Each structure stands twice: as structure tokens, then as C-alpha cells.
Amino acid sequence: MKYLVLLVGDGAEKAWPDQSESEQAAAMARFGEFAAACAARDGVELLAGEALTEPGDATVMRTSSSGEVLLTDGPYAEVIEGMGGFYLLEAPDLDVVVELLRILPRYDIQIHPTVDVAL
């Protein structure tokens, strides 16, 4: 099954720009450990993953029933913490995903199973 993992917030007590180089290096090492653990685990494949820019950089697209498109700056909703990044991975079950995610720096994490739809 595929899972979309959303990393909410910046993953640390301090925002990324406020962290020292050594704090940032330690966080990046944990992301590397996570990728290595996924690669080493039978039945797990890390399909995609990226860090995201600041929430204010987001663009929201809304399409009306008549097809008119409205673009607005900023995240979909006012939030205290923005999304810091995401992973898309394939894993046997949720328990395996949770076990692997414990390796990452501290985040509030949303885990969404995907729907397998043939296109």
C-alpha cells in the first residue's frame, strides 16, 4: 500500500533558519537515516520526498462550478505551522510506516493511505 506522509511544522524547537549549522546537519543526518532504513526494509520503497518552502510561498487554486479559476497567495487555511515536507512511500502496513517515521526529527505527522485507482 502507498502512504502519503505530511510533515507538519518545521520539525524542531527552532525554525530551520534559526538553527545552527550543526543543528541543521544533525537534522539532515536523520533524514538520511530514514532513507537508508526505508531502503534496507523489505517491502518498503521510498517513492518521493521533498522539503517545502515557507507556507507564504504556497498558491491556492480554486475552480468554480463554471470553470473559473481563482489563484490566491498563501496556504489553503490560516495555520500556525505550515507543512515542512512530504514523503510518498510504499509499505506493507501502517505499523511499518510508523516504525520508520520515528527516525525522523520531531514533527507532527499526518499519514494518509492512498487510493489505488487505475488511470
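Annotations for the structure displayed:
- Residue under evaluation Pro55, criteria (1) touching a Pro at 6+ places or on another chain (Cβ under 7 Å); (2) of a type outside the set (Gly, Ala, Ser); (3) at pLDDT 95 or above, criterion not met: (3)
- Qualifying residue in segment 93-111 (condition: part of a strand (DSSP E or B), touching a strand residue (DSSP E or B) at 6+ places or on another chain (Cβ under 8 Å), more than 23 Å from Gly9 (Cα to Cα) and not β-branched (Val, Ile, Thr)): no
- Members of segment 31-74 that are surrounded by fewer than 14 Cβ atoms within 10 Å (Cβ to Cβ) and assigned to a helix (DSSP H, G or I): Gly32, Glu33, Ala36, Ala39, Ala40, Gly56, Asp57
- Among (1) within 21 Å of Glu99 (Cβ to Cβ); (2) at pLDDT below 95; (3) not aromatic (Phe, Trp, Tyr) - the single one Lys14 does not satisfy: (1)
- Of all residues making up segment 97-117, the number that are surrounded by fewer than 16 Cβ atoms within 10 Å (Cβ to Cβ) and touching a helix residue (DSSP H, G or I) at 6+ places or on another chain (Cβ under 8 Å): 3
- Residue check for Leu94: surrounded by 13 or more Cβ atoms within 10 Å (Cβ to Cβ) and either of a type in the set (Phe, Trp, Tyr) or at pLDDT 90 or above (or both): no
- Scope segment 3-52; condition among the basic types (Lys, Arg) and over 17 Å from Gly85 (Cα atoms); matching residues: Arg41
The values are calculated or read from the model by the stated rules, or taken from the named source; none is laboratory data. Nothing here was measured: the structure is a model prediction, and the numbers come from that model. Ideal geometry is used to build each Cβ from the backbone, glycine not excepted, and the neighbour counts take in all protein chains shown.
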